[in-house]
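Asker: Sharing a structure below in structure tokens format, with a few things to ask.
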Amino acid sequence: MKNRILLLALTSMLTAWSWGKTIYVATDGDDAAAGTIKAPLKSLPAACQQASAGDTVYFRGGTYRVTDDQIMDVKGNTAFVFALKKAGSENGRTCFMGYPGERPVFDFSALQLDGRHRIAAFYLGADYLHLRNFDIVGVPVRVKGHTQSECISARKGSHCIVENIAMYNNMAIGYYQTAGSHNLVLNCDAYNNYDDYSEGPYGGNVDGFGCHVIKPTDIGNTFRGCRAWRNSDDGFDLIHCQAPVLIDHCVAMYNGFRPTADPHNTTEFKSAGDGNGFKCGGWGMEKEKTRCIGQSPKHQVFHCVAYYNKANGIYANHHLSGNLWFNNTSAMNRRDNYNMVNRRSTEAGDNIDIGGYGHVLIGNVSWNPNKQDLSNCDSTRCFLSNNSFAPTEIPVSESDFVSTDPALLFLPRDAKGNLPHSDFLSAKQESVLSQRNMGWQ
Ligand code: CA
Ligand code: CA
């Protein structure tokens, strides 16, 4: 009996630990093929049919032009194009990855959908998925009115990793999460995304990255090493998010403007949507009050840089409590570099802005604000320490930094998706900012 139990335990351990199979997809493949490296499939839906939990699907380099006949699922008003529903486990995620050394591009611009559906290009519909090393382009919006499409639609899965994905030239939001916990969005870029169709040229819905989970138990979601630029609304948006989110070592620049032919253009700016770099709040609106007073999550924004966004660099957006803001650098944003605005929350039905409270700001640097370094902050109800603007003002000038050239924010990532150290707004060793360990670098 003992031996049998041992054998059963060993078998289940081996099953859990065994490596899944590998399936290959190539632009010149064939969906009737075996899915090996020599006989690859042609489409992701075919690979999904063959894949089991814990398998790895590799895409060879090239451009995959996605058409309506590949849409895997339609529910309600949304078309889930690549509906990834085969969960992995903590011993092995189900992986969808660009083949090492190659960079596949998924182009969704040919999708039509009869003009009736929102589009979720990659749907995280299960736990323990891992997406890595590919581009998403051309995701359209085909519906009029207040709507949106999403490049990566995180509406179910937990413990997923989205890594080294670039989302650009879409009409869609980059990464958009409403459910799931412990997801990691690592080393991703979202840029030049703009919807000029659904509500005219305003483009007010297209953020780079958004987490808006509706359950307070959906904790542990993290953005790390991500960049958002030239998105027509905000860079990072946590509006109405019910659980705390960590944004760590991320960059938001030039958001709130229309895209340019060259997304690295640092001179041409035509106004579009809201344009905040890091927008972390959004509970203070009248409708939301009753369900959120006293339970607003404390978001964390650490070691981030907000540069030349159309509105505020770092923005509390009427959060009904405070967030933790540590070691960020906010510079040259067109409104305030740090804006902690709140709404008066104790009386129902009033929409009066008040100074933000409950915030902890430590080690933050503000340089060259268009309006104010720090605005709408009730400093008697916040903890402010070692910031360039409070509690005592430390003058910051160009000579404090190794470089003020924003082109350095566009440095290419290495093969693994990591960014090299950027000298942009990095404090010189002899600067008081370095000596006091302030700022994003
Ligand atoms: Ca907006
Ligand atoms: Ca937004």
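Asker: Restricting attention to the alpha-carbon atoms of the stretch 96-161, what are Rg (one decimal) and Dmax (integer), both in Å?
Answerer: Cα only, the stretch 96-161: 13.4, 41 Å (Rg, Dmax).
Asker: Percent of Cα-Cα pairs more than 24 Å apart in the stretch 123-276, please.
Answerer: Counting pairs separated by more than 24 Å, the tail of P(r) holds 26 percent.
Asker: Also, quick follow-up: Return one whole number: the accessible area per residue of the chain in Å², for a 1.4 Å probe.
Answerer: 41
Asker: List the trypsin sites (Lys or Arg not before Pro) in the stretch 143-179 that DSSP assigns to loop (not H, G, I, E or B) and whose Cβ has at most 14 other Cβ atoms within 10 Å. Which are they?
Answerer: Taking the stretch 143-179 and a limit of 14 other Cβ atoms within 10 Å, the loop trypsin sites (Lys or Arg not before Pro) found are LYS144.
Asker: On a 0 to 90° scale, report how tilted helix 2-17 is relative to the longest principal axis of the chain, with both axes built from alpha carbons and the result rounded to the nearest 10.
Answerer: So the inclination is approximately 70 degrees.
Asker: Take every Cα-Cα distance within the chain, group them into 20 Å bins from 0 onward, and report for each bin the whole-number percent of pairs it holds.
Answerer: Using 20 Å bins, I get a P(r) of 26, 54, 19, 2 for the chain.
Asker: Spin-label point model (7 Å from Cα, Cβ direction): what's the THR260 to LYS215 distance in nm?
Answerer: Here the modelled spin labels are 4.4 nm apart.
Asker: Something else about it: Per residue, what volume in Å³ does the Cα convex hull of the stretch 200-281 take up?
Answerer: Convex hull of Cα atoms, per residue: 82 Å³.
Asker: Counting only protein heavy atoms and using a 1.4 Å probe, what share of the accessible area of the chain belongs to carbon plus sulfur, as a whole percent?
Answerer: About 52 percent, which is the carbon plus sulfur part of the accessible surface.
Asker: In whole angstrom, note down how far apart the Cα centers of the stretch 385-400 and the stretch 47-124 are.
Answerer: 47
Asker: Now for a separate question. List the lysines whose Cα lies under 23 Å from the Cα of LYS144, skipping any in the same chain that are fewer than 8 positions away.
Answerer: Once the sequence-local lysines are set aside, what remains near LYS144 is LYS75, LYS270.
Asker: Using only Cα atoms, what Kirkwood radius does the stretch 14-116 have, in angstroms?
Answerer: 14.5
Asker: Then there is this: Give the calculated FRET efficiency between SER52 and ASN418 to the nearest 0.05, with a Förster radius of 30 Å applied to their Cβ-Cβ distance.
Answerer: 0.45
Asker: Around VAL245, which amide H atoms from residues at least 5 apart in sequence, or from another chain, sit under 5 Å from its own amide H, with H modelled in the peptide plane?
Answerer: Excluding prolines and chain starts, which carry no amide H, the hits are HIS299, GLN300.
Asker: A follow-up question, please. With each run of n ≥ 4 DSSP H residues scored as -39500 (n - 2.57), what mean residue ellipticity at 222 nm is computed for the chain after dividing by its residue count and rounding to the nearest 500 deg cm²/dmol?
Answerer: -2000 deg cm²/dmol
Asker: For every other residue with a beta carbon closer than 12 angstrom to the beta carbon of LEU184, add +1 if it is Lys or Arg and -1 if Asp or Glu, then tell me the sum.
Answerer: With Lys, Arg at +1 and Asp, Glu at -1, the neighbours total +1.
Asker: Another question, then. Quote the FRET efficiency, to the nearest 0.05, computed for SER399 versus ILE354 with a Förster distance R0 of 51 Å and r equal to the Cβ-Cβ distance.
Answerer: 0.85
Asker: Between VAL432 and GLU199, what is the spin-label point distance in nm, taking each point 7 Å from the Cα along the Cα→C-beta axis?
Answerer: A separation of 4.4 nm, rounded to one decimal place.
Asker: How much length is gained if the chain between HIS146 and GLU90 is pulled fully straight, taking 0.36 nm per residue apart and subtracting their Cα-Cα distance, in nm to one decimal?
Answerer: The span from HIS146 to GLU90 would gain 16.3 nm if fully extended.
Asker: Shifting gears a bit: If you take every DSSP beta bridge whose two residues both sit in the chain, what share of them, in percent to the nearest 5, is antiparallel?
Answerer: DSSP beta bridges in the chain are roughly 10 percent antiparallel.
Asker: Let me ask something additional. With 27 Å as the cut-off, how large is the P(r) tail for the stretch 297-441, expressed as percent of Cα-Cα pairs?
Answerer: 23
Asker: Taking the simple approach of a point 7 Å from Cα along Cα-to-Cβ for both THR27 and LYS75, what is their distance in nm?
Answerer: Here the answer is 3.3 nm between the modelled labels.
Asker: Would you kindly compute the Cα radius of gyration of the stretch 16-67 and its largest Cα-Cα separation (Dmax), both in Å?
Answerer: For the stretch 16-67, the Cα-based Rg and Dmax read 10.9, 37 Å.
The values are calculated or read from the model by the stated rules, or taken from the named source; none is laboratory data. Source: prediction; values computed, not measured. Please note: Cβ atoms are built from the backbone with ideal geometry, for glycine as well, and neighbour counts cover all protein chains shown. Ligands, DNA and RNA are stripped out before the accessible areas are found, and what is left, the full protein with its side chains, is counted by its heavy atoms. Shrake-Rupley method; radii C 1.70, N 1.55, O 1.52, S 1.80 Å.
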